[in-house]
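A short write-up of the structure that comes next.
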Amino acid sequence: MTTAPGHLAVIDMQRVFAEPDSPWATPRFEEAAAGVRRLLPAFGQDVTFTRFLAPDKPEGSWRAYYDLWPFALQPPDAPLWRLTDEFAARARHLVDAPTFGKWTPALAERVAPTGRLVLAGVSTDCCVLSTALAAADAGAEVLVVADACAGVDDESHAKALHVMDLYRPLIRVVTAGEAIGGTA
């Protein structure tokens, strides 16, 4: 098996976004999951999963955010923060962050050998977007796999992809086939 070029970061494939009765349910989560499934074999060990977690004590503007979403102020081991069962079983490398963006020192270190970050997951219009912009600013080449991401709704997903694609050549929106096939 040939490994795809770059490092795949699978953003926030967690129960809080997967479960239909969650206030943060992502309607096309399963479609994004299918795209992630397609990508995983091509990246071998070069995969990091991320999780969004609530902080112990929200600070600054995060206080107002959690005033809107008090259900989310749960500890890191709460069921809603777990990766879905399928992805938990595959998550050899995990990065947790109490921020939308997952471009942390730990993720940057994993991406450093190739300099290319391939992004998939949820939600396109929040955590994927925030991660892509920060990584691009840090000098990483960023590929966002459109058919392995999902937004809070179709319109927001499309708008976020459009905005990220405006950052070419720093950020490019590609398909899973392009990411795997090395034509991106």
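When Arg116 is tested against (1) over 21 Å from Ala146 (Cα atoms); (2) open to solvent by less than 60 Å² (accessible area, probe 1.4 Å); (3) charged (D, E, K, R), only condition (1) is not met.
Taking the conditions exactly as written (in a strand (DSSP E or B), among the aromatic types (Phe, Trp, Tyr), open to solvent by less than 10 Å² (accessible area, probe 1.4 Å) and at pLDDT 95 or above), does Phe87 satisfy them or not?
Working: in a strand (DSSP E or B): no; among the aromatic types (Phe, Trp, Tyr): yes; open to solvent by less than 10 Å² (accessible area, probe 1.4 Å): yes; at pLDDT 95 or above: yes.
Judged against the criteria, Phe87 is not a match.
Considering Ala160, Ala138, the condition of being closer than 28 Å to Tyr66 by Cβ and crowded, with 16+ Cβ neighbours inside 10 Å is satisfied by Ala160 alone.
The set of residues in region 21-45 being aliphatic (A, V, I, L, M), out of contact with any Cys (no Cβ under 6 Å at 6 or more places or on another chain) and under 25 Å from Phe71 (Cβ atoms) consists of Ala25, Ala33.
Please verify whether region 97-104 includes one or more residues that are of a type in the set (A, V, I, L, M) and out of contact with any helix residue (DSSP H, G or I) (no Cβ under 7 Å at 6 or more places or on another chain). Steps first, answer last, please.
First, the residues of region 97-104 that are of a type in the set (A, V, I, L, M): 97.
If we keep only those that are out of contact with any helix residue (DSSP H, G or I) (no Cβ under 7 Å at 6 or more places or on another chain) too, we end up with 97.
Checking region 97-104: at least one residue is of a type in the set (A, V, I, L, M) and out of contact with any helix residue (DSSP H, G or I) (no Cβ under 7 Å at 6 or more places or on another chain).
For region 119-138, the condition holds for no residue, the condition being that it is under 19 Å from Pro5 (Cβ atoms), β-branched (Val, Ile, Thr) and assigned to a strand (DSSP E or B).
Of all the criteria given as (1) open to solvent by 10 Å² or more (accessible area, probe 1.4 Å); (2) under 25 Å from Glu178 (Cβ atoms); (3) assigned to a helix (DSSP H, G or I), the one not satisfied by Trp62 is (2).
Among residues of region 23-50 that are closer than 16 Å to Val144 by Cβ, those with a Cβ under 7 angstrom from a residue that is acidic (Asp, Glu) and surrounded by 14 or more Cβ atoms within 10 Å (Cβ to Cβ), sequence gap 6+ or separate chain, pair up as Gly35/Asp147; Thr50/Asp12.
Please indicate, with yes or no, whether at least one residue in region 24-38 is out of contact with any helix residue (DSSP H, G or I) (no Cβ under 9 Å at 6 or more places or on another chain) and open to solvent by 70 Å² or more (accessible area, probe 1.4 Å). Yes - at least one qualifying residue is present in region 24-38.
Of these, Asp77, Asp56, Asp67, Asp125, which one is under 12 Å from the mean Cα position of the chain (by Cα) and either more than 20 Å from Phe29 (Cα to Cα) or crowded, with 19+ Cβ neighbours inside 10 Å (or both)? Selected residue: Asp125, the only one of Asp77, Asp56, Asp67, Asp125 that is under 12 Å from the mean Cα position of the chain (by Cα) and either more than 20 Å from Phe29 (Cα to Cα) or crowded, with 19+ Cβ neighbours inside 10 Å (or both).
The values are calculated or read from the model by the stated rules, or taken from the named source; none is laboratory data. The model shown is predicted, which means the values in this text are computed figures rather than measured ones. Counting neighbours? That spans all protein chains shown, and the Cβs are built from the backbone with ideal geometry, glycine included. The accessibility values were calculated without ligands, DNA or RNA, using every heavy atom of the protein model including side chains. Shrake-Rupley method; radii C 1.70, N 1.55, O 1.52, S 1.80 Å.
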